[in-house]
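The values are calculated or read from the model by the stated rules, or taken from the named source; none is laboratory data. Not measured: the values here are computed from a predicted model. Cβ sites come from the backbone with ideal geometry, for glycine too, and all protein chains shown count toward neighbours.
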Amino acid sequence: MYAVVVRVSIKPDRAAEAAEQLKSEVIPRMQTLPGVVAGYWTRAADQRSGLALVVFNDEESAKAAAANLPAPAEGVTVADIEIREVVAQI
């Protein structure tokens with residue numbers, strides 16, 4: 001399995017709007033992608049940064065997803081996108 005890891009910065013005054021777009025647009029779109037296994041979206045306590053980890057069955061699916069990520073909400077800036085091999089899970 002492979003994971004797409006996305007780090008974002010969030011303007012504090014846009015955190016609620018970003019969370020709503022995540023739930024209404026980003027997650028439903030990600031659920032339809034080929035090979036998706038699971039996804040986790042996290043936000044720091046100060047609401048200024050987030051980290052997403054979406055797991056795929058194979059590297060090709062992860063690469064395709066990373067190349068076609070939905071546009072971030074206004075006030076959200078993508079800082080980094082990585083594809084990582086999943087080497088263990090519980």
Can you find a residue that is loosely packed, with under 15 Cβ neighbours inside 10 Å and more than 17 Å from I10 (Cα to Cα) anywhere in region 45-58? yes
Going by the structure shown, is E85 surrounded by fewer than 16 Cβ atoms within 10 Å (Cβ to Cβ), of a type in the set (D, E) and modelled with pLDDT under 95? no
Among the candidates A64, A3, A16, residue that is among the hydrophobic types (A, V, I, L, M, F, W, C) and surrounded by fewer than 13 Cβ atoms within 10 Å (Cβ to Cβ): A16
I'm checking my understanding of the structure. Among residues of region 32-44 that are under 16 Å from A3 (Cα atoms) and touching a Gly at 6+ places or on another chain (Cβ under 8 Å), which one is surrounded by the fewest Cβ atoms within 10 Å (Cβ to Cβ)? T42
